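The values are calculated or read from the model by the stated rules, or taken from the named source; none is laboratory data. Since the model is a prediction, treat every value here as computed from it, not as a measurement. Neighbour counts are summed over all protein chains in view; Cβ atoms, including those assigned to glycine, are modelled from backbone coordinates with ideal geometry. Keep in mind that these areas ignore ligands, DNA and RNA; they rest on the heavy atoms of the full protein, side chains included. Shrake-Rupley method; radii C 1.70, N 1.55, O 1.52, S 1.80 Å.
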Amino acid sequence: MSSDNRTNQGTQDESTIQTAIGDVQSPSLQISASRNPLEDPANPYYLHHGDNPGHTLVSQPLTGQDNYVAWSKAMQLAISVKNKIGFLDGSIPKPSPSDLILYNAWIGNNNIVISWILNSVSKEISSSILYDESTSTIWNDLKIRFHQRNGPHVYNLRKDLMNLRQDNQTVSMYFTRLKTIWEELTNFRPSCTCNGCTCGGVKRLQDHYHMEHIMSFLMVLSDSYSQVRGSILLMDPLPEIS
């Protein structure tokens, strides 16, 4: 056999071996490629046997403007765990009826998420969204109605913050109430989302808010903590609020 023939034969044999190895090493990739999206737990169309319309995802139902921010945050977290956030924010559009499998799967998932929302709002609110057919439509409707980004709401939060006192509460209980108001105020505060800051302005702004939190926390501690308060104020840098 000539050297050219032997070289070609060796190349073909090596190619055959590599193909065989690839077939052995990547069965999961082949299975994943051919897996029905309705049977893939990583796919948002997948419905676990425990995903039923009777679930209540949050402990406190939506009652109105007073608890909308906390409620919406809790709902988004719970639904994201279920891998259904795309139905909530509308990023998973309704498929064409011609794609019967995905169309029916979308209807089923959409109705499941609507049921979870209905189970997590007051009866009065539930009756006003019962006949909406899209999860994202319901979600946006609730946001428009109850998420008030206006002066009076911020004013009331600031007022609650100023009137808050430790009194007979433990430090942990007092801090928990304080942090709840801070977190809600943060939702009304503009923030940079471009991730392109090069001057350090975003970090300095965050450090400023951090200092504000510490000051407001220390200002209304009971007098029994005056010595500790003085020691903390002398620290540079100030400690983490937690």
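A few comments on the model shown:
- For the range 121-164 and the range 56-101, distance of Cα centres in Å: 15 Å
- Karplus 3J(HN,Hα) series, Hz, for the range 49-66 with 6.51 cos²θ - 1.76 cosθ + 1.60 (x for Gly, Pro): 5, x, 7, 10, x, x, 5, 10, 7, 10, 7, 10, x, 5, 10, x, 5, 4
- Annotation: amide H-H contacts under 5 Å for residue 121 (H modelled 1.01 Å from N, sequence separation of 5 or more, or interchain): 62.
- For the range 83-95, 3J(HN,Hα) per residue [Karplus equation, 6.51 cos²θ - 1.76 cosθ + 1.60, θ = phi - 60°, Hz, x = Gly/Pro]: 6, 10, 5, x, 6, 6, 8, x, 6, 10, x, 5, x
- Cα-based reach from residue 94 at 13 Å (exclusive), listing aspartates and glutamates while leaving out same-chain residues under 8 positions away: 133
- Shown is the FRET efficiency for residue 163 and residue 55, computed with R0 = 25 Å from the Cβ-Cβ distance and rounded to the nearest 0.05: 0.10.
- In the context of the full protein assembly, residue 46 retains an accessible surface of approximately 60 Å², using a probe radius of 1.4 Å and ignoring ligands and nucleic acids.
- Per-residue SASA remark: residue 217, around 30 Å² accessible (1.4 Å probe; ligands, DNA and RNA not included).
- Using the Cβ-Cβ distance between residue 176 and residue 119 with R0 set to 25 Å, the FRET efficiency from 1/(1 + (r/R0)^6) comes to roughly 0.40.
- Per-residue surface analysis assigns residue 158 an accessible area of about 110 Å², computed on protein heavy atoms at 1.4 Å probe radius.
- Accessible surface for the range 116-238, divided over its residues, is 68 Å² per residue with a 1.4 Å probe.
- Calculated FRET value between residue 238 and residue 156, using beta carbons and R₀ = 25 Å, to 0.05: 0.35
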